[in-house]
Amino acid sequence: MHRIAVRGVALLCLFFALNAIAQTGQPESGSSNGELASAPASPKAMRAANRVLSKKVVKALSHVKGLDATGVFVKATDGNIILSGVVQQSGQIPLAVQAARNVDGVKSVHESLRLADQPTQ
């Protein structure tokens with residue numbers, strides 16, 4: 001009985017060791033050069049990454065002196081940012097664009113901001 005238990009524990013340890021070796025030996029992106037994948041694999045992961053990037057941009061906008069970002073909406077799609085909504089003064093538009101461009105992960109910024117006193121088109 002004791003030998004069976006020892007063999008079972010030994011086999012279990014061997015299984016976990018081989019599993020760990022197999023996981024660390026394969027690149028995550030499926031390529032043979034060991035580079036990691038740059039884009040999330042699933043649509044769910046992509047949506048999560050877009051939400052994280054949007055929140056980073058919103059946070060950056062909220063820290064810009066001279067910018068009232070309460071009326072600015074941020075949409076992220078694969079590193080591309082769209083700023084929409086309203087600002088109080090025309091000088092706030094370039095501030096918002098520059099702040100968004102400075103966030104890590106942002107590839108491009110498109111703005112469709114308008115002044116608060118202008119009608120929508």
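When 76, 100 are checked against the criterion of being closer than 15 Å to residue 57 by Cα, in contact (Cβ under 8 Å) with a residue 40 or more places away in the chain, of a type in the set (A, V, I, L, M, F, W, C) and buried (at least 16 other Cβ atoms within 10 Å of the Cβ), a single residue qualifies: 100. If the condition is being of a type in the set (Ser, Thr, Tyr) and in a strand (DSSP E or B), then the stretch 41-91 contributes 77, 84. Cβ contacts < 7 Å: first residue without any contact (Cβ under 8 Å) to a residue 12 or more places away in the chain and more than 16 Å from residue 85 (Cβ to Cβ), restricted to the stretch 47-72; second residue among the small types (Gly, Ala, Ser) and surrounded by fewer than 17 Cβ atoms within 10 Å (Cβ to Cβ), any location; separation 6+ or different chain. Result? Cβ pairs passing all conditions: none. Taking the criterion of being at pLDDT 95 or above and in a loop (DSSP other than H, G, I, E, B), the residues of the stretch 92-121 that qualify are 102, 103, 104, 105, 106, 107.
The values are calculated or read from the model by the stated rules, or taken from the named source; none is laboratory data. Because the structure is predicted, anything quoted here is derived from the model rather than measured. Quick reminder, even Gly has a Cβ in these numbers, built from the backbone with ideal geometry, and neighbours come from all protein chains shown.
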